[in-house]
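A quick write-up on the structure given underneath.
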Amino acid sequence: MSSPVIKVENLSKQYRLGQVGTGSLSHDINRLWHRARGKEDPYLKIGEENKRDTKGSSDYVWALKDINFDIEQGDRVGIIGRNGAGKSTLLKILSRTTSPTTGSVKIKGRVASLLEVGTGFHPDLSGRDNIFLNGAILGMSKRDIKSRFDEIVDFAGVERYIDTPVKRYSSGMYVRLAFAVAAHLESDILIVDEVLAVGDAEFQKKCLGKMGEVSKGQGKTVLFVSHNMEAILRLCQKCLYLHNGAIKCIGSPSITIENYLKTSKKQDLTINLSLINRTSEIILQKRAYFQTISLGNIDSEAWTIKYGNPISFELGVLLRDNIQSLEIGLAIYNNNDFEIASSLSSDAEKIENLISGNHVITYSFPELVLLPGTYKIGLGIRSERGFEDYLPQVCQFEIIVSEYSAVDHTNTRKGVLVPKNQITIEPSKIHD
Amino acid sequence: MNTLQNPAETWDMVIEPKTSWFDLRLNELWQYRDLLFIMVKRDFIAAYKQTILGPIWHFLQPLFTTIVFVIVFGRIARIPTDNVPAPLFYLCGLTLWNYFSACLNGTSNTFIANAGIFGKVYFPRLIIPLSVVISNAIKLGIQLLLLIAMMAYYAASGYQFNIGLTLLWVPVLILIVALLGLALGILISALTTKYRDMSVLMGFGVQLLMYATPVIYPLSYIPEKYKTIIGLNPLTWLTEAFRKGILGEGVLNLPMLGYAAGITIILLLASIMVFSKVEKSFMDTV
């Protein structure tokens, strides 16, 4: 059994949003005052998970929160996640360009990190000088670079331009040269951020091949961030899925990627309600807000539901306060803005004693069968104090034809819904 | 497996949030010595790419400044120059002062100017200010050649230089000036990562400091009541001793040189501590 070469324990990283300015000085002083009395940093307690598309109530966010994992020698690990999930922050901590807020990382062996191609390249210097400069920045000695110089030039395929300033290079040549230096680094662990997005397909293939080769042949450990799922499937044997600063899934690439694609599709279909202006004449208490709305079933690519499938919505609700009793109202309008149904959560169940924070409420209509067409939704929340939030017609969804529509002759029906009905027939006794 | 791990297991590197003030990792500088010299070479090549005169600019800048000083402070203000020909006096003081201010200015924006590289790759951050100090030392060497050429001209026209053993002090003086500029520069660079106020102060502070240093006047010209204040400035004693060593006129005050060296060493140690503290977190605030 091989032992881990990277051990990440309870790793967290907090960032402060917004401007660093006058406010930060008072925070610094407050922090110092707490430390002087031997107390904990007051700003470490606050902070929210890092959701980039919802409005938060705190200036502090956790880009990473309590991350734990081990990586063994020779592992090729892919790291995936949406933008802002914390992938780059993780790589930055591993490559020591920023330090964690809490927790630790233990590493065995030399780390070479390639967060960007051509870091420190100077446009006025020749390709030759830049190979030495870039190599030295990445931690190689002059002798090492000299011994690999020909290999690097050969891999990059820029022999003819080697004494030309790199500012005269085409962007492709530039990337080739930069990757070539990094790929020939003398290191035990190679950390690569999404740098292969640039460069042509042939070169990308060559780079992936090279990364596989150094890992398999030389036993190098490779950490690789990418949005290119195919590349991860091909290169990695392990995959780590980060979501809002936490590890959502770690394991075999195929399972992890499937999990990721499913969740990310759902997120793409989520509508952010927190930024919509509330222009209601009703006096709102503002203790509960709608944050997001998404479709309950996620196998579609858009806001569509196949005719005959259950209709359900997921509502993200933020409570600013503990609320004793909550009622959600959901109205459905047809295309002519005629309200065809108004539903109250209390029809099904009483929502009581909710604590403040984020909640997800699934609101479904198991027996509602709407005919194909476009519909709109309106939302409202009431608490024991009165109206909290009200959004008339927040979004629309479409019911599309499905395999059931032919059976039900939906194209010849009138109205908006197919009511569930019951028929009984028994012999009549009148003319008996 | 984690629980069964050998507690004595050794790690090459442990990344943790808080490190002690004394964890300076100066040994890393040695590992990256090649980078230091490549950086110096880069600074030098890059500075004169696509200029016609190239390093000759190093001659022109002090030469023109000297001419202006001769006219303004010598002819118009009539400030005496310790019996040394005025051009030599000014050029000598300027050579050392230029080195100091180049070290200070060049290192004081270390973090902000290199945020791009620092955000992408780790290497000991001190490499950058050190490379600035060394590449400026090369420029200092070129300017010293100009000074020697001018001295040769005056010697040929009959001026007697009173040069003695003080000349041997010159390399030490240059080293102290370099370290003082480095210390102040990296301290400012560390302080400006979060609050940019210091860089504003730097802008005119260095200019004003020149007037508090005997560059355009000899120490002997200063009235007694201001001498203590001017004497607090370590550069005063360094400049005077430098002039004594090279031109043979000036003050070599060994106790005060000891004072200057002491201040420099304390300041340097403190600055390196602040600098390495800041280098771990500055990417979040810069």
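The values are calculated or read from the model by the stated rules, or taken from the named source; none is laboratory data. These figures come from a predicted structure and were not determined experimentally. Cβ placement follows ideal geometry from the backbone for every residue including glycine, while neighbour counts extend to all protein chains displayed.
Annotations for the structure displayed:
Yes or no, residue by residue, for (1) surrounded by 17 or more Cβ atoms within 10 Å (Cβ to Cβ); (2) outside the structural domain of residue A:261 (by TED's automatic domain parsing); (3) modelled with pLDDT of 80 or more; (4) in contact with a Gly (Cβ under 6 Å, 6 or more places away or on another chain):
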{"position": "A:18", "(1), (2), (3), (4)": "no, no, no, no"}
{"position": "A:33", "(1), (2), (3), (4)": "no, no, no, no"}
{"position": "A:37", "(1), (2), (3), (4)": "no, no, no, no"}
{"position": "A:40", "(1), (2), (3), (4)": "no, no, no, no"}
{"position": "A:50", "(1), (2), (3), (4)": "yes, no, no, yes"}
{"position": "A:56", "(1), (2), (3), (4)": "no, no, no, no"}
{"position": "A:59", "(1), (2), (3), (4)": "yes, no, no, yes"}
{"position": "A:67", "(1), (2), (3), (4)": "yes, no, yes, no"}
{"position": "A:76", "(1), (2), (3), (4)": "yes, no, yes, no"}
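- Of the criteria (1) at pLDDT 90 or above; (2) surrounded by 22 or more Cβ atoms within 10 Å (Cβ to Cβ); (3) closer than 19 Å to residue A:252 by Cβ, which one residue A:81 fails: (1)
- Within the stretch B:114-132, residues that are more than 7 Å from chain A (Cβ to nearest Cβ) reach partners that are acidic (Asp, Glu) with beta carbons closer than 8 Å, at six or more positions or on different chains, in the pairs B:124/B:28; B:125/B:279; B:131/B:43; B:132/B:43.
- Restricting attention to the stretch B:228-286, the residues that are away from chain A (no Cβ under 14 Å), in a helix (DSSP H, G or I), small (Gly, Ala, Ser) and farther than 20 Å from residue B:209 by Cα total 3.
- Any hit, the stretch A:169-179, residues being more than 11 Å from residue A:117 (Cα to Cα) and not in a helix (DSSP H, G or I): yes
- Within the stretch B:20-31, not a single residue is in contact with a His (Cβ under 8 Å, 6 or more places away or on another chain), surrounded by 15 or more Cβ atoms within 10 Å (Cβ to Cβ) and either within 30 Å of residue A:143 (Cα to Cα) or more than 10 Å from chain A (Cβ to nearest Cβ) (or both).
- Total residues in the stretch A:130-149 satisfying the condition of being assigned to a helix (DSSP H, G or I) and either in contact with a Ser or Thr (Cβ under 9 Å, 6 or more places away or on another chain) or facing another protein chain (nearest Cβ under 7 Å) (or both): the figure is 7.
- Number of the condition not met by residue A:118 [criteria: (1) in a loop (DSSP other than H, G, I, E, B); (2) free of Cβ contacts under 8 Å to residues at least 60 places away in the same chain]: (2)
- Taken together, B:44, B:111 contain a single residue that is within 14 Å of chain A (Cβ to nearest Cβ) and within 30 Å of residue A:168 (Cβ to Cβ), which is B:44.
- Close contacts from the stretch B:4-19, counting a first residue that is under 14 Å from residue A:110 (Cα atoms) and a second that is assigned to a strand (DSSP E or B) and modelled with pLDDT under 50, with Cβ to Cβ under 9 Å and a gap of 6+ residues or different chains, come to none at all.
- Residue that is modelled with the highest pLDDT [pool: residues in the stretch A:382-406 that are polar (S, T, N, Q) and surrounded by fewer than 18 Cβ atoms within 10 Å (Cβ to Cβ)]: A:396
- Among residues that are in a loop (DSSP other than H, G, I, E, B) and either out of contact with any Phe, Trp or Tyr (no Cβ under 8 Å at 6 or more places or on another chain) or within 13 Å of chain B (Cβ to nearest Cβ) (or both), residue A:88 is not included.
- Looking only at the stretch B:163-181, and only at residues there that are closer than 15 Å to residue B:246 by Cα and touching a helix residue (DSSP H, G or I) at 6+ places or on another chain (Cβ under 8 Å), the one that is surrounded by the most Cβ atoms within 10 Å (Cβ to Cβ): B:173
- Members of the stretch A:217-236 that are closer than 14 Å to residue A:72 by Cβ and in a helix (DSSP H, G or I): none
- The residue list B:14, B:84 contains one member that is touching a strand residue (DSSP E or B) at 6+ places or on another chain (Cβ under 6 Å) and either of a type in the set (A, V, I, L, M) or in a helix (DSSP H, G or I) (or both), which is B:14.
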